[in-house]
Amino acid sequence: MANMITDALACARYNLRARDAALLETVTGLNLPSIIGETRDGVAMLGSDEWLALLTEGTKLPMGEGQPVSIVDVSDRSVGIIVEGLHAIDILSAGCPLDLARWPVGRASRTIFELVEVVIIREADTRFRVEVWRSFAPWLREALKTASNALTA
Amino acid sequence: MSGFRIDNQGRIDRARPLSFTFDGKAYRGFKGDTLASALLANGVMLFGRSFKYHRPRGVMAAGVEEPNALVSVLRGPKGDRSRFTPNLRATSVELYDGLVAESQNRWPSLRFDAGAINDVFSPFFPAGFYNKTFMWPRSAWEKLYEPVIRKMAGLGNAPSALDPDHYDATFAHCDLLIIGGGPGGLDAALEASGTNQRVILIDDQDELGGGALFDPALWSWLERTRAALAASPNIRILTRTSAFGYYHDNFIGAVERLTDHLTVVPDGPREKLWRIRAGEVVLAQGAIERPLVFDGNDTPGVMLASAALTFLHRYGVAVGQRIVLMAAHDSGWRDALALAQAGVGVTAIVDVREHVAPQLIAQAKEAGIAVHFGASVIGVGGRHEVRNVTIAPNGGGGPATIACDAVLMAGGWTPSVHLWSHSKGSLKWDANWGAYLPDQPNENVRCVGACGGAWDFGAGQSVAALPTPKPLHKTKAFVDFQNDVTAKDIKLAVREGFRSIEHIKRYTTNGMATDQGKTSNLNGLQIASEALALPVTSIGLTTFRPPYTPQTFGALAGHMKGGLFQPTRKTPIDGWAEANGAVFELVAQWRRARYFPQGSEDMLAAVNRECLAVRAGVGIFDASTLGKIEVVGPDAAEFLNRMYTNPWKALEPGRCRYGLLLGEDGFIRDDGVSARLAPDRFHLTTTTGGAARVLNMMEDYLQTEWPHLDVWLTSTTEQWAVIALQGPRARDVIAPLVDGIDLSPEAFPHMAVREGMICGVPTRLFRVSFTGELGYEINVPAAHGRVVWDAVMAAGAAHGITPYGTETMHVLRAEKGYIIVGQDSDGTVTPTDAGLDWAIGKKKPDFVGKRALARPDMLRSDRKQFVGLLTEDPNDVLEEGAQIVADPAQAVPMSMIGHVTSSYWSATLGRSIALAVVQGGHARMGETLHIPMPDKIISVKVCDTVFYDKEGARLNG
């Protein structure tokens, strides 16, 4: 399969914070992963009190007013880039220092690609989703394509 | 005298002859040659001129440790000088058809170099000479001595063209990383082959084999082993790859050379940087032979014994036909015997030891080689090539001269512990090796083969300099060949009081050249040890530092050039600005429209037009780059109260406040208007350049000082596009577009925020102003930014809506005296200095910076304070940064009492305006001060910072 670098479909994105995961689940109605680095139903646990939810475009979550939670709509903050193909790991490894080959499907982490902060999710053996802030996306697409070209040179 | 090709020897491919040039002269070689081996085969002995003395030099080694034969290579198409690389070791340059190489550091030619005059005057150039000799007169140093010395000393010429090549990079992970593809490394790789381990094997040569490449007895084993490894799916083999540094936690940097060995430069990267994280590292880097230190040991034709063996067996080249070996070690004898067996003429072996193993002596005699014991070479005849050696018994006695055309040195072996030492593994002195061996590891690493001391080179004796009857100051016995450091220099350093090897190294520059002392460190230590009458282990050992061999800047820079140098961040509205002729400027990593010239307008004309249009009608400005942070949680107001100077708890939802952020030191760090959307939700703004810094600072306090607060921070800078609409017509423009928000002044006062819809898109509409006019900042989700901008432009057409850029934004705010953090402040300005006392919550028990504000120094009245300046001549526009003085007639150095921070032509006022910080500025209202410029002195009057609409009535339009 040829390597492909494409934009993901639009989606809703929420940054979810709370010390009490159960409370967050009650407020949002979502099933949250409980181990850092896991994903469940489109929600990735990035830190001890932080989740990133990637949901169907247009989904609106309750704001949890008055509760010790933070639910912030960041749908437009990032774009998703799909890196797919036999060399997907090699392409990402051009700039990402993590050992992606050892990631089970469903693993996610905030990390970097060279100078740019990203969140990477392993969606399948040879497919990764890279979430990056909107204004860094053109640079990242260019960097990924350069890495891809160098591999097939 | 002249080397030549030996039949039936070498791994070169005689079916593939190659043509190349050296200093413009054409030569032939074969595929598999290096530049050094091919030139030696052609009888070339002279490769370069030494750094300081410009002495003629030839090849001394066969590998990366070569100190003398530094050349410049020009790759690429004819006439294209953009791929010029200086200071390459000829022993490491792979020969290819059409290679163009030049020698360095000589004028007018290699054979007749004017710089050799330095050798004649060498008594004036000992170690540290420029601290002693060329000192007077002092003025001559800068204009004469230094430039001349720099021109004369030095190696290659730095390239002057931009590097046109690309360089690739990658991270890689493995369970086992083997550095070195010689017998030791290959054994380790075989052991791991066929297992589940991810293995990477690196070697810096074009083929695996290491020392086996010049040991024909091992070649069939080598073939079988290489085939087995190539067939192993779990082993990745990287040749032409140098591991240059070993970093924390088994992180290794290596550079793979992809194209330098090719005749035609292909598309694609020239080199690839490998950043490898390894579970375990096996170092198999071998050992490097030591030269011997004797007068004339740098004459072309004097080289390491193992180098001669390598040139014979790997490249099929005899380095001489009447060779003399000077040995302190058995390995030299074995090399000489191997040469003799291959038909190369070996005349004599001179050994500094009195006793040598009888088998070796017997073999030598059988080969017809004369042997001398307890003797040393005390001189070398010949300048551009060896003609003879003079030897003498160590204890004194008659010298004898032996005619020869090459002299081999066998000074013993030094295990390569460079990368081991980078990893902070400890070393232990071994008297047998006369060298340091790896001792205790600091990382998960082990050494195999010679670099770990697990190799039998035979027996030998460590010597400092060889015994000689000549007085030391009459000899040139080289220790560091590349930096021209002699035994005399090291003894000089000791005489001058340097006791530690760190000082001796730096004073003499021994070990400081591009070869990093690979052939000089240990000899230098031995000589110092003898001079100090102290054991080697008490003198110290200098630090090994990456890179192990020189690497290109390109490989380390990777993609960071051209389009990928740095992300240029653009807003959702940037496309409109570009299509409408914006002139851009960079603010942090963002590209922002600075002004929109129409027709033939220059910046001043455009800015004047934009400013007048905003105040007369309405202007539109892309403010999307402003930093935004959503602060959410029951403790949100409490948190902001602690971070900012302002009080936040009483701020009603739906209202905004200008926030001032200080550091613990009490100085202004950032500012911005922030809105309370709900009791537990705030929308903060920061400056464009401060967004990341402010978020980091807040997270720092939250995580380390107040982790119990129920509040969380989310960056929303890129979630919202921000369209600023400023001017008396602003409300008229957006009224038809807005839904669900009452825009009347009573319902929507200045410094308020409302949520609703604009053009069918959800919006947070702020009524705020950085211009002093009626104004709004329309926040919409970024994906809709452009559409809403277009709609506002269309709706504004009837009102003469005018797009404006950052330059106009700066002028308009300056007319109102609003500061820009980082322009009018520089990290030393307090709120009081800036006239922002009103922003401090006086009743707050604490906030970041509060205590610092109470320091006596922060309360002094003569601090630099923020004021306005009006020039006497209204057409004079001051220069930002210009210094301010009270007395223009004062003699230089004048007392500078402040400087101009912002300065513009104000179209609104029809004259220039400026903002400044001046000592005790607040008490100087009406005072005349002066600004000395190169061509004239400008007089100014100190005034209030608000130049226009002092009452602020226009905000309520």
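Could we say that B:Gly654 is of a type outside the set (S, T, N, Q), touching a residue at least 24 places away in the same chain (Cβ under 8 Å) and within 24 Å of B:Leu836 (Cα to Cα) here? Outline the logic, then answer.
Working: of a type outside the set (S, T, N, Q): yes; touching a residue at least 24 places away in the same chain (Cβ under 8 Å): yes; within 24 Å of B:Leu836 (Cα to Cα): yes.
Yes.
Of all residues in the stretch A:108-118, those satisfying the criterion of being within 13 Å of chain B (Cβ to nearest Cβ) and in contact (Cβ under 8 Å) with a residue 24 or more places away in the chain are A:Arg110, A:Phe113, A:Glu114, A:Val116.
Within the option set B:Gly817, B:Gly822, B:Gly835, B:Gly827, being assigned to a loop (DSSP other than H, G, I, E, B), in contact (Cβ under 8 Å) with a residue 40 or more places away in the chain and touching a Lys or Arg at 6+ places or on another chain (Cβ under 8 Å) holds for one residue only, B:Gly827. Scanning the stretch B:444-490 for residues that are part of a helix (DSSP H, G or I), in contact with a helix residue (DSSP H, G or I) (Cβ under 7 Å, 6 or more places away or on another chain) and more than 30 Å from B:Leu283 (Cα to Cα) turns up B:Leu472, B:His473, B:Ala487, B:Lys488, B:Asp489, B:Ile490.
Return the residues of the stretch A:124-153 that are of a type in the set (D, E, K, R) and either free of Cβ contacts under 8 Å to residues at least 40 places away in the same chain or within 13 Å of another protein chain (Cβ to nearest Cβ) (or both); say none if nothing qualifies. Within the stretch A:124-153, A:Asp125, A:Glu131, A:Arg134, A:Arg141, A:Glu142, A:Lys145 qualify. Of the residues making up the stretch B:895-918, those that are touching a residue at least 24 places away in the same chain (Cβ under 8 Å) and surrounded by fewer than 16 Cβ atoms within 10 Å (Cβ to Cβ) are B:Leu909, B:Gly910.
Does B:Val264 qualify as being closer than 23 Å to B:Ala101 by Cα and touching a helix residue (DSSP H, G or I) at 6+ places or on another chain (Cβ under 8 Å)? Spelling it out, it is not the case that B:Val264 is closer than 23 Å to B:Ala101 by Cα and touching a helix residue (DSSP H, G or I) at 6+ places or on another chain (Cβ under 8 Å).
For the stretch B:167-175, check the following and say yes or no: at least one residue is free of Cβ contacts under 8 Å to residues at least 40 places away in the same chain and either surrounded by 15 or more Cβ atoms within 10 Å (Cβ to Cβ) or within 25 Å of B:Asp480 (Cα to Cα) (or both). Break it down stepwise before answering.
In the first step, residues of the stretch B:167-175 are kept if they are free of Cβ contacts under 8 Å to residues at least 40 places away in the same chain; the result is none.
For the stretch B:167-175, residues free of Cβ contacts under 8 Å to residues at least 40 places away in the same chain and either surrounded by 15 or more Cβ atoms within 10 Å (Cβ to Cβ) or within 25 Å of B:Asp480 (Cα to Cα) (or both): absent.
For the stretch A:36-52, the condition holds for at least one residue, the condition being that it is under 22 Å from B:Lys628 (Cβ atoms) and either in the same structural domain as A:Arg134 (by TED's automatic domain parsing) or among the charged types (D, E, K, R) (or both). Scanning the stretch B:553-563 turns up no residue that is away from chain A (no Cβ under 14 Å), in contact with a Ser or Thr (Cβ under 9 Å, 6 or more places away or on another chain) and under 28 Å from B:Trp420 (Cβ atoms). Just one of the listed residues (B:Phe748, B:Phe770, B:Phe766) is within 26 Å of B:Arg954 (Cα to Cα) and modelled with pLDDT under 95, namely B:Phe770.
Do you know which of the residues in the stretch B:388-409 that are in a loop (DSSP other than H, G, I, E, B) and out of contact with any Ser or Thr (no Cβ under 9 Å at 6 or more places or on another chain) is surrounded by the fewest Cβ atoms within 10 Å (Cβ to Cβ)?
Filtering the stretch B:388-409 for residues in a loop (DSSP other than H, G, I, E, B) gives B:394-399, B:404-405.
Applying the additional criterion that residues be out of contact with any Ser or Thr (no Cβ under 9 Å at 6 or more places or on another chain) yields B:395-398.
Working: B:Gly395: 10, B:Gly396: 8, B:Gly397: 11, B:Gly398: 6.
Per the stated criteria, the residue is B:Gly398.
Residues in the stretch B:565-593 that are within 21 Å of A:Val79 (Cβ to Cβ) and surrounded by fewer than 17 Cβ atoms within 10 Å (Cβ to Cβ): B:Gln566, B:Thr568, B:Gly575, B:Glu578, B:Ala588. Scanning the stretch A:5-48 for residues that are in contact (Cβ under 8 Å) with a residue 40 or more places away in the chain, more than 14 Å from chain B (Cβ to nearest Cβ) and loosely packed, with under 14 Cβ neighbours inside 10 Å gives a single hit, A:Thr6.
Filter the stretch A:49-81 down to residues that are more than 13 Å from every other protein chain (Cβ to nearest Cβ) and more than 10 Å from the chain's Cα centre (by Cα) and give me whichever is farthest from B:Ser715 (Cα to Cα). Looking at residues that are more than 13 Å from every other protein chain (Cβ to nearest Cβ) and more than 10 Å from the chain's Cα centre (by Cα), I get A:Thr56. When you look at B:Asp260, is it surrounded by fewer than 24 Cβ atoms within 10 Å (Cβ to Cβ) and under 27 Å from the mean Cα position of the chain (by Cα), yes or no? Here the answer is yes, as B:Asp260 does meet what is asked. Of all the numbered requirements in (1) surrounded by fewer than 20 Cβ atoms within 10 Å (Cβ to Cβ); (2) over 30 Å from A:Gly29 (Cα atoms), A:Val105 misses one, and that requirement is (2). Going through (1) within 23 Å of B:Val946 (Cβ to Cβ); (2) part of a loop (DSSP other than H, G, I, E, B) one by one, B:Phe866 falls short only on (2).
So which of B:Gly182, B:Gly156 is at pLDDT 90 or above, buried (at least 19 other Cβ atoms within 10 Å of the Cβ), more than 30 Å from B:Gly497 (Cα to Cα) and more than 14 Å from every other protein chain (Cβ to nearest Cβ)?
Numbers: B:Gly156 fails: at pLDDT 90 or above.
Going through B:Gly182, B:Gly156 in turn, just one is at pLDDT 90 or above, buried (at least 19 other Cβ atoms within 10 Å of the Cβ), more than 30 Å from B:Gly497 (Cα to Cα) and more than 14 Å from every other protein chain (Cβ to nearest Cβ): B:Gly182.
The values are calculated or read from the model by the stated rules, or taken from the named source; none is laboratory data. Since this is a predicted model, take the numbers as computed values, not measurements. Every residue, glycine as well, gets a Cβ built from its backbone with ideal geometry; the counts of neighbours run over all protein chains shown.
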